[in-house]
Amino acid sequence: MNQRRPNAVRVVGLCAALPLVLAACLAHRPAPVSERSLVDGPMPEVYTVRKYDTLYSVAWRYELDVVDLAARNGIRSPYVIKTGQRLALTGSGPPPKLAVPPAKPPRPAKPVATVRPVEPGNAVSTAKPTPAPVPVAKPPVPVANPAVVPKPDMKAPATPRTTLPAPAQSADPAPAKPAVADPTPAATAPPNVPATVAAGGWRRPVAVKPVRGFGGGSKGLDYSLRKGTPIHAATAGVVVYAGPGLGGFRHLVIVKASERHLVAYGVNVRPNLSEGDTVRSGDTVARAGSGATGGQFHFEVRDRGKPIDPSSLIGG
């Protein structure tokens, strides 16, 4: 019995230390690549525009066609929206206006204090004292000014001046002043993109295989890259959104490749592109960073707002 007790103690000690060993192993494992473009909760009927939003990013967030979203809300190209604006995501018309609270009624005027008459026998007198007369100052006695005798003019008579003829007016009118430019900035011109991307207009954004493919909850392709790996534009287009990532990535770049295709690059490093930039196929969008999530990259393609398998365009 005494020999079995040390063995039992060792078994109990190993069982107690096992959770610590497993926790240490899990802490050093790299974070798995997961789908990050999902939206928390169902799509609302009305969406309030936030800071950094564009109509393209709102349409991307809820898998809507930006043309349909703009038509539903009566927004014309180039699809300018403002913070606080309400957008109807469903239905066939713009959202109803918010009810304006009724104006507060005016405050009643304060009552004017009335003067009560002084009762006889009251010591307080309301009669005002008669002001003392103000002495009137006498006007000063005028002093006569001595008469001034004009002196004879000894100067020579002035010679008559000759008047010069007026210069002849030119036949050409004076140049008009330039008109002052309107201080209000003009709206950005809509992106000039083709109706669709040609069959050979796609390429792989990176030269490695994805760690997770399309489907099964994933709306695109996920990659795990080494630090410094360049991420290239899969096709040409115009950047319509470059801001905070949607659904988890720190940065998201959306490129309008055609009237029907939108391409997104989700990264955790600062991209090289800004809104309005023209992108050529093969341009560097960003470079992978370091750390547990710095090398993660999400690539996604939408056709009229709906996710499609990018492998069918860029190859497996």
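The values are calculated or read from the model by the stated rules, or taken from the named source; none is laboratory data. Predicted, not measured: the structure shown is a model, and the values here were computed from it. Positions of Cβ are backbone-derived with ideal geometry, glycine not excepted, and every protein chain shown enters the neighbour counts. Remember, those area values only see protein heavy atoms, side chains included, never the ligands or the DNA or RNA. Shrake-Rupley method; radii C 1.70, N 1.55, O 1.52, S 1.80 Å.
Within segment 242-257, how many residues turn out to be open to solvent by 10 Å² or more (accessible area, probe 1.4 Å) and farther than 14 Å from ASP303 by Cβ? Working first, answer last.
Step one: filter segment 242-257 for residues open to solvent by 10 Å² or more (accessible area, probe 1.4 Å), giving 242-252, 256.
Imposing the further condition that a residue be farther than 14 Å from ASP303 by Cβ reduces the set to 242-252.
Residues that pass the stated criteria total 11.
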> Based on what the data block shows, is ARG260 of a type in the set (Lys, Arg), surrounded by fewer than 21 Cβ atoms within 10 Å (Cβ to Cβ) and closer than 23 Å to VAL211 by Cβ?
Replying inline: no
> What are the pairs, 6+ residues apart or on separate chains, where a residue within segment 70-88 that is closer than 12 Å to ASP53 by Cα has its Cβ under 7 Å from a residue that is among the basic types (Lys, Arg) and open to solvent by 50 Å² or more (accessible area, probe 1.4 Å)?
Replying inline: THR83/ARG50; THR83/LYS51
> Are any residues in segment 245-254 in contact with a Lys or Arg (Cβ under 7 Å, 6 or more places away or on another chain) and either assigned to a strand (DSSP E or B) or of a type in the set (Ser, Thr, Tyr) (or both), and if so, which ones?
Replying inline: HIS251
> What is the number of the single condition among (1) in a loop (DSSP other than H, G, I, E, B); (2) modelled with pLDDT under 60; (3) loosely packed, with under 10 Cβ neighbours inside 10 Å that LEU38 does not meet?
Replying inline: (3)
> Say we look at segment 59-73 and pick out the residues that are hydrophobic (A, V, I, L, M, F, W, C) and surrounded by fewer than 17 Cβ atoms within 10 Å (Cβ to Cβ); which of these is nearest to VAL263 (Cα to Cα)?
Replying inline: VAL67
> How about segment 210-223: which of its residues are within 16 Å of LEU313 (Cβ to Cβ) and not in a strand (DSSP E or B)?
Replying inline: PRO210, GLY213, PHE214, LYS219, GLY220
> So which residues in segment 209-223 are open to solvent by less than 70 Å² (accessible area, probe 1.4 Å) and farther than 17 Å from ALA257 by Cα?
Replying inline: PRO210, GLY213, GLY215, GLY217, SER218, LYS219, LEU221, ASP222, TYR223
> If you check VAL239 against the conditions, is it at pLDDT below 95 and either in a loop (DSSP other than H, G, I, E, B) or open to solvent by less than 50 Å² (accessible area, probe 1.4 Å) (or both)?
Replying inline: no
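Give the residue, chosen from ARG226, ARG270, that is outside any strand (DSSP E or B), under 20 Å from the mean Cα position of the chain (by Cα), among the basic types (Lys, Arg) and surrounded by fewer than 20 Cβ atoms within 10 Å (Cβ to Cβ).
ARG270
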>> For segment 294-316: of the residues being closer than 19 Å to TYR56 by Cα and assigned to a loop (DSSP other than H, G, I, E, B), which is most open to solvent (accessible area, probe 1.4 Å)?
In response: ARG304
>> Please go through segment 273-288 and give me each residue that is in a loop (DSSP other than H, G, I, E, B), farther than 20 Å from LEU55 by Cα and out of contact with any Ser or Thr (no Cβ under 7 Å at 6 or more places or on another chain), ordered by number.
In response: ARG280, GLY282, ASP283
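Going by the conditions given, is GLY291 under 29 Å from LYS51 (Cβ atoms), open to solvent by 10 Å² or more (accessible area, probe 1.4 Å), at pLDDT below 95 and not in a loop (DSSP other than H, G, I, E, B)?
No: the conditions fail for GLY291.
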>> Being in contact with a His (Cβ under 7 Å, 6 or more places away or on another chain), in contact (Cβ under 8 Å) with a residue 60 or more places away in the chain and in a loop (DSSP other than H, G, I, E, B) narrows it down to one residue among PRO194, PRO205; which is it?
In response: PRO205
